[in-house]
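The values are calculated or read from the model by the stated rules, or taken from the named source; none is laboratory data. Remember, it's a predicted structure, so these values are computed and weren't measured experimentally. Methodologically, a virtual Cβ is constructed for each residue, glycine included, from the backbone with ideal geometry; neighbour enumeration extends over all protein chains shown. Protein only, heavy atoms only, side chains kept; ligands, DNA and RNA dropped before computing areas. Shrake-Rupley method; radii C 1.70, N 1.55, O 1.52, S 1.80 Å.
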Amino acid sequence: MKRREFLQNSAAAAGLLLFNAAPPAFSQTADARIEVVLDEPLGTIEPNVYGHFAENLSGVIYDGIWVGENSKVPNMNGIRKELVDEMRKIKPPLVRFPGGCFADSYDWRDGVGPIDKRPRRTNFWNGEEAAAAPDSHRYDPNRFGTNEFAQFCRLIGAQPYLAANLRSLPAEQFYRWVEYCNSPAGSTTLADERAAAGFKDPLNVRYWGVGNESWGCGGNFTPQEYAVEYRRYTAWVPTYQHNSPNNGELAFIASGPNDDSWDWTRGFLEEIVRKGKSQIRGIYGLALHYYAWNLSRGRTQGWVEGKGDALNFDAVDWYELLREGDRMQGLIEGHWQVMGEIDKQHQLKLVVDEWGPWYKPGSEATPGDILEQMPTLRDAVFSGMTLDIFNRHPEKVAMANCAQLINCLNSLYLAHEDKFVVTPVGQVFQMYAGHQGGQAVPTIFSAPSITYQRDGKSATFWGLKGSASLDDRMLLLTVVNPDLSQPRETEIVVRGASVKSGQATLLTNPDIHAHNTFDQPNNVVPQARDVKIAGSVVFTFPAASVTALRLELS
Ligand code: AHR
């Protein structure tokens, strides 16, 4: 098929409403096309979709975020200053803490009160840590608790999202933690305790996770058992309406499915509404967790054997990771459909509060840090693709949290003692930050598919995808080109406006394994490019790249 025919057929296959539009003027050289449709907005992209996750796990808190007030590492009340400075650039909307699996072992009372009097406790992850791991990773010193987390959130301008312990604490302790955080100054003993720690005014924590992975580390429940616990935990939790945002209303996030466990979503919601359909209103979001981990190309489902390597991978592994990551779209749509069987009005949204690739150990920037891996250009492309999927489903996804912020899985930052680096994933978050709060608009991508050999058989993967959002007259179009060898010259047409000017920022590298280290922090950094405008916009997306185009419309 000729290039021109391919583009026309693709537009027709995408179901474009072109019947009353002028015939598209295809560029003579471009072999791909993106149409942005301004007058059919999909909804507002919740800023919280650009959320983060920091668990008390190995080097995430102790070393990553918390260095202590007396550290030689520049800090703000004990919090790593370089991290604060970098995070301010990406406008972080919220951070989830303290877990993860850790959350269902955590007693919040251990982490408040005078810092030197706080108890040391066995960390949930102790069993995974080597004997040589730092004490703070194996035995929680509780120096970073609710107050320090609130302080961190304030410094970076983010909202706190606390995950409560449903597995090993009674519901009463959940109410007390809410009271500690949110009761008005001087109103309760816990408010006084908070004031003594320097927080006279309420912390106004709105987002509360009700357990974590309750099908596994969070209690090993059936969905029905968990639903009963959820109702009990969230019934009549104290709220403080006066002088607080959202009238003190709390947003509860229920522990949701792992991957494609549709039965969890269905079983949980069926049991929830056995007490009446209105029970749905007591849930703000259903948490979906999805990690792309199985790179075995169908050879095993084993959690250990199935994992790939963060740094040593070939072209097939590159596409395999992206193929696994691309499953996110079907998971969102699938769980949304199941949710709609019970919640017909779709009052309840999805909260993808853990996502990212998960590789086998061996690539840690700080040897010994468990679950830490080295993000490469592949993970930047993966992350751009995932954020684009969220952007394309603004009516379904109310929040998402990349797992995890620092020194962990798909981290934006790596740090050890006085060393610090922004990873390619962190660069993508900076490039995509402008989508927050924008109006998502449909995009129609037409590009030849990628064909490659996968275990002796021909395999294909899509050639170009992305998302777009509008903020006043500024259009942000983010695009991923996963093709390892083909740059994609692309015509970009904005239906309903003309483009006055444009700027591009792109992230790529000739080496697909490229990554930023403490010694070489600038291997993968965004580059600025001019955008040619001649009627329509023509832009070449380099092979293996993520691009953010800012187009000013008239
Ligand atoms: O992010 C690491 C772990 O992965 C979290 O603690 C848990 O919720 C998930 O299984």
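Worth a mention:
- Here Ala197, Ala185, Ala150, Ala163 are screened, and the one residue that is more than 23 Å from Phe102 (Cβ to Cβ), aliphatic (A, V, I, L, M) and either modelled with pLDDT of 95 or more or more than 16 Å from the ligand (Cβ to nearest atom) (or both) is Ala185.
- Among the candidates Arg118, Arg109, the residue that is open to solvent by less than 70 Å² (accessible area, probe 1.4 Å), more than 17 Å from the chain's Cα centre (by Cα) and of a type outside the set (Gly, Ala, Ser) is uniquely Arg118.
- Taken over the stretch 218-237, the residue count meeting the criterion of being outside any helix (DSSP H, G or I) and open to solvent by 30 Å² or more (accessible area, probe 1.4 Å) is 5.
- Residues satisfying the stated conditions in the stretch 18-38, i.e. modelled with pLDDT of 95 or more and more than 27 Å from the chain's Cα centre (by Cα): Ala32, Arg33
- Yes/no for Ala12 being surrounded by fewer than 20 Cβ atoms within 10 Å (Cβ to Cβ) and modelled with pLDDT under 95: yes
- Members of the stretch 177-196 found to be touching a residue at least 60 places away in the same chain (Cβ under 8 Å) and crowded, with 19+ Cβ neighbours inside 10 Å, listed by number: Trp177, Val178, Tyr180, Asn182, Arg194
- Selection within the stretch 39-60 - over 18 Å from the mean Cα position of the chain (by Cα) and either within 16 Å of the ligand (Cβ to nearest atom) or not in a loop (DSSP other than H, G, I, E, B) (or both): Gly43, Ser58, Gly59
- Long-range neighbours under 7 Å by Cβ, at least six apart or interchain, first residue within 16 Å of Trp108 (Cβ to Cβ) and touching a residue at least 12 places away in the same chain (Cβ under 8 Å) within the stretch 210-222, second more than 13 Å from the ligand (Cβ to nearest atom) and of a type in the set (Phe, Trp, Tyr): Val210/Tyr230; Val210/Tyr233; Val210/Phe252
- Asn401 meets the conditions (1) in contact with a Pro (Cβ under 9 Å, 6 or more places away or on another chain); (2) within 16 Å of the ligand (Cβ to nearest atom) in every case but one. The failed one is (1).
- Flag for Glu128 being farther than 27 Å from Gly285 by Cβ and within 16 Å of the ligand (Cβ to nearest atom): yes
- For the stretch 198-209, the set of residues classified as touching a residue at least 40 places away in the same chain (Cβ under 8 Å) and more than 23 Å from the chain's Cα centre (by Cα) consists of Gly198, Phe199, Pro202, Leu203, listed by residue number.
- Those strands (runs of 3 or more DSSP E) of the stretch 321-421 in which 1 or more residues are basic (Lys, Arg) occupy 349-357.
- Consider the stretch 258-292 and keep the residues that are part of a helix (DSSP H, G or I) and among the hydrophobic types (A, V, I, L, M, F, W, C). The one that is surrounded by the most Cβ atoms within 10 Å (Cβ to Cβ) is Phe268.
- Residues of the stretch 269-295 classified as under 21 Å from Glu46 (Cα atoms) and within 16 Å of the ligand (Cβ to nearest atom), total: 6
- One residue stands out among those in the stretch 216-243 that are within 16 Å of the ligand (Cβ to nearest atom) and in contact with a Ser or Thr (Cβ under 7 Å, 6 or more places away or on another chain): the one that is nearest to Ile280 (Cα to Cα), which is Tyr226.
- Condition check for Gly434: part of a loop (DSSP other than H, G, I, E, B), over 12 Å from the mean Cα position of the chain (by Cα) and surrounded by fewer than 21 Cβ atoms within 10 Å (Cβ to Cβ): no
- His393 meets the conditions (1) buried (at least 24 other Cβ atoms within 10 Å of the Cβ); (2) away from the ligand (no atom under 13 Å from the Cβ); (3) within 24 Å of Tyr207 (Cα to Cα) in every case but one. The failed one is (1).
- Pairing each residue of the stretch 518-537 that is touching a residue at least 40 places away in the same chain (Cβ under 8 Å) with any residue that is of a type in the set (S, T, N, Q) and outside any loop (DSSP other than H, G, I, E, B), provided the two are 6+ apart or on different chains, yields C-beta distances under 7 Å for Val524/Gln427; Val525/Gln427; Pro526/Gln427; Pro526/Thr505.
- The one condition in (1) open to solvent by 10 Å² or more (accessible area, probe 1.4 Å); (2) over 25 Å from Asn246 (Cβ atoms) that Phe144 fails to fulfil: (1)
- A single member of Gly463, Gly426 is of a type in the set (Gly, Ala, Ser), under 30 Å from Asn522 (Cβ atoms) and touching a helix residue (DSSP H, G or I) at 6+ places or on another chain (Cβ under 9 Å), and it is Gly426.
- Taking first residues from the stretch 393-414 that are on the phi > 0 side of the Ramachandran plot and partners that are acidic (Asp, Glu) and away from the ligand (no atom under 16 Å from the Cβ), the Cβ contacts under 9 Å between residues at least 6 apart in sequence or on separate chains come to Asn407/Asp63.
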